[in-house]
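The values are calculated or read from the model by the stated rules, or taken from the named source; none is laboratory data. Predicted model, so just to flag it, every value in this text is computed and none were measured. Virtual Cβ from ideal backbone geometry, glycine too; neighbours counted across all protein chains shown. Just so you know, the surface numbers come from the protein's heavy atoms only, side chains and all, with ligands and any DNA or RNA stripped out. Shrake-Rupley method; radii C 1.70, N 1.55, O 1.52, S 1.80 Å.
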Amino acid sequence: MTNQQVFAEGGAFRGLSVAAVTPLGPDGAVDYPGMRRHARWLADGGVDVIMPCGTTGEGATLEPEEQRRVIAACLEEVGDEIPVVAGAGTNATNHALALVRAAVEEGAHGILCVTPYYNRPSQEGLHRHFSAVSDAAGGIPVILYNVPGRTGVNMTAETALRLAELEPVVGIKEASGDLSQVMEILRNRPEGFGVLAGDDILALPLTALGGDGVVSVTANEAPGRMAALVRAALEGRMDEARRAHFELLPLFHANFIDTNPVPVKAALELMGRMDARVRLPLAPLAAKHREVLRAALESTGVLEAD
């Protein structure tokens with residue numbers, strides 16, 4: 001499959017991608033067996049793509065060797081079944097290139113690269129950064145990741161479309177929350193350039209506009225339910241997709257009652273799937289928020305009420 005085909009109808013990267021959490025053990029070290037178990041749960045639940053080491057995977061606080069081993073764990077467990085697109089981005093271009101090369105060496109099927117944070121580069125700086133990332137990717141697909149609420153910089157539609165001209169750049173995870181900007185990309189994108197919602201709450205609206213799916217947090221908790229929502233939307237079964245969307249809406253909100261991935265990890269702990277531990281500077285979910293989260297899990301049927 002060529003880079004231009006990964007987001008074509010029926011292509012490998014189209015549909016439900018999950019921004020996978022990274023399980024941590026009691027000592028705060030990465031729980032690699034737990035990572036494999038979680039990858040298996042996601043694949044068996046029907047997700048189309050696993051994306052480790054992104055925002056939800058606490059990629060910003062993983063050491064380079066940890067990042068490499070998390071990617072390897074996902075590939076070893078499910079890489080023969082579904083694509084593993086590795087989060088590999090940071091605020092210094094040289095460091096980002098090293099992460100990209102490591103992911104390529106491990107055998108990742110693609111790269112998800114976030115805009116540099118804190119530096120607040122210009123649009124030209126973003127273009128040069130992602131051009132260097134594309135060169136380092138060694139020919140495997142690159143997905144841009146725009147999340148200005150986390151990075152302090154917005155990649156404009158004009159810059160995204162300019163980068164879409166680069167052969168390895170196959171799509172964008174758009175988490176700006178700006179539907180006008182997303183529509184501009186959808187209207188003018190070249191054939192085969194994928195557009196993924198970066199927020200669960202916009203999965204249905206963006207797909208209805210012609211987008212290619214979502215990179216989901218909620219799929220960590222309810223992979224089958226999110227898969228059904230996204231597939232219904234992509235196949236034009238909008239009444240079914242709307243029902244699924246509104247059923248899960250309380251959880252979409254609850255997953256962001258605190259900084260992601262604090263709530264989703266707490267949810268997975270309530271579900272008995274892993275410890276809720278996160279790395280500093282993130283802190284555990286407050287008790288008052290934990291009860292709101294529990295109520296959302298129970299009202300959506302993801303967790304049975306006591």
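One table, with the values for the structure above:
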item	result
Region 58-150, dipole about Cα centre (Lys/Arg Cβ +1, Asp/Glu Cβ -1), debye to the nearest 20	540
Cα-based radius of gyration of region 184-277 once divided by 2.2 N^0.38 Å, which approximates compact folds	1.16
Volume of the Cα convex hull of the chain, divided per residue and given in Å³	116
GNM result for the chain, Cα springs below 10 Å: residue of Glu63, Glu106, Glu221 fluctuating most strongly	Glu63
Overall form of region 74-233 per C-alpha gyration tensor (a/c, 1.5; a/b vs b/c)	oblate
Contour excess over end-to-end distance, with Cα ends at Gln5 and Arg101 and 0.36 nm allotted per residue	32.3 nm
Helical contribution to [θ] at 222 nm, DSSP H n ≥ 4, -39,500 (n - 2.57), averaged over the chain, rounded to 500	-13500 deg cm²/dmol
FRET efficiency estimate (nearest 0.05) - Cβ-Cβ, Glu298 to Glu167, R0 41 angstrom	0.30
Gain on full stretching of the segment that runs from Asp27 to Ser131 - 0.36 nm per residue minus C-alpha separation	33.6 nm
Antiparallel bridges, percent of DSSP beta bridges restricted to the chain (to nearest 5)	5
Most mobile of Asp199, Asp135, Asp80 in a GNM of the chain (Cα contacts under 10 Å)	Asp80
Where a label projected 7 Å from the Cα of Glu184 along Cα→Cβ would reach, residues of region 136-161 with amide N under 14 Å	154-161
Average accessible area per residue (Å²) across region 29-109 - probe 1.4 Å, nucleic acids and ligands excluded	39
Anisotropy class of region 1-115 from Cα gyration tensor, a/c 1.5 cut	oblate
Charge sum, other residues only, whose C-beta stays under 13 Å from Val49's C-beta, Lys/Arg counted +1 and Asp/Glu -1	-1
Net charge of neighbours whose Cβ lies under 14 Å from the Cβ of Ser17, counting Lys and Arg as +1 and Asp and Glu as -1	-2
Nitroxide proxy distance, nm - points 7 Å out along Cα→Cβ at Phe246 and Thr259	3.6
Net dipole in debye of the chain [+1 Lys, Arg Cβ; -1 Asp, Glu Cβ; about Cα centre; nearest 20]	420
Positive-end residue of Ala254, Pro284, Met271, charge dipole of region 226-284 with Cβ unit charges	Pro284
Met238 paired with Gln123, simple spin-label distance in nm, labels 7 Å along Cα-to-beta-carbon	3.2
Cα→Cβ-extended label distance, 7 Å offset, between Ala305 and Arg69, nm	4.3
